[in-house]
1. Quick check on residue 59: is it surrounded by 14 or more Cβ atoms within 10 Å (Cβ to Cβ) and in a loop (DSSP other than H, G, I, E, B)?
2. So which of 17, 38 ends up being within 22 Å of residue 100 (Cβ to Cβ) and either part of a loop (DSSP other than H, G, I, E, B) or under 35 Å from the mean Cα position of the chain (by Cα) (or both)?
3. Sort out for me the helices (runs of 4 or more DSSP H) sitting completely within region 278-380 that have 2 or more residues that are assigned by TED's automatic domain parsing to the domain that holds residue 263.
4. Go through region 1-20 residue by residue and tally those that are under 16 Å from residue 90 (Cα atoms) and in contact with a strand residue (DSSP E or B) (Cβ under 9 Å, 6 or more places away or on another chain).
5. Which residues, counting only those in region 72-131, are assigned to a loop (DSSP other than H, G, I, E, B) and more than 37 Å from the chain's Cα centre (by Cα)?
6. Quick check on my filter: what residues within region 185-202 are modelled with pLDDT under 95 and buried (at least 18 other Cβ atoms within 10 Å of the Cβ)?
């Protein structure tokens, strides 16, 4: 039966030695800090191979180096002088112990090696250690490959929405500050947006009157817009009330109003799913009978880069209302608008569902290495 031993019985953690940048000489010896390689030097503190363990800062982080290295004073290190164990096996064992949970410092995170020494592990013969290390490293390599593939798939999924919008509008930017000659498809025409929709601004009730806040009127503001982009808005971070509306320029806007953010998060857009007020950071469009609200929202989304370029200001970019009043839109007749909006709604929902699934998959794969280590090194 494999015996249990404490880390202190099978290895010694040696303090690293400070090596400031100005004292480092050009060379190929990696210099390790608590979070990995932080530079290079022409001398080694150990000829390696060795294990580096974060002592200060990124405590408990475990790194393995095949050759010579320098360990600075935010780390401990273990080499063949400090253990008779197979070093690759011991590095994997230490990773499985998740030493990050041993932090007891109240300020800068710190790892006391006495706490590490007290941990117990199963100690198989060295020949078994070598086999075990090779097997685990192979599985960890496959987990790393799976993570890279999943990450690439997620990045690709983020591009689906923009490519779907671009193909729908034939790569035309459907919003412009002036009418253009180009058309997306036959039967599409450029129109002054204010001919098709009524433009309303927003406002913020005075913060000096807390009694004007907290009520039944949702108030759309900057903290809300990114998570509502391309969707219907039903809830907001803050609410105002009748007194807030009565004592400010804020207006209660009807459901179906298209709200375009014009500063800070320029180009983000939502549709009100219920009566709401908005802050002054939005231009709000109440569509007439010839313009479908969803089509307008998607037209704004397809024009996101163009809208961002319209922003002015040295600190926070803003699209001024005078520019917004000059907006034109390229659009077909209302029935075709509704067909396009319905198709886009379905395709973008499918793209979002795919992205959500890939995010969950990536998060699961991200935890796979620690699960593999925990299975390979059961605790006493």
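1. yes
2. After applying the criteria, what remains is 38.
3. In region 278-380, the matching helices (runs of 4 or more DSSP H) lie at 293-302, 304-309, 321-324, 334-366.
4. Summing the residues that are under 16 Å from residue 90 (Cα atoms) and in contact with a strand residue (DSSP E or B) (Cβ under 9 Å, 6 or more places away or on another chain) in region 1-20 gives 12.
5. 80, 81, 82, 84, 85, 86, 118, 124, 125
6. Selection gives 188, 202.
The values are calculated or read from the model by the stated rules, or taken from the named source; none is laboratory data. Since the model is a prediction, treat every value here as computed from it, not as a measurement. Note: ideal-geometry Cβ built from the backbone for every residue, glycine included; neighbour counts use all protein chains shown.
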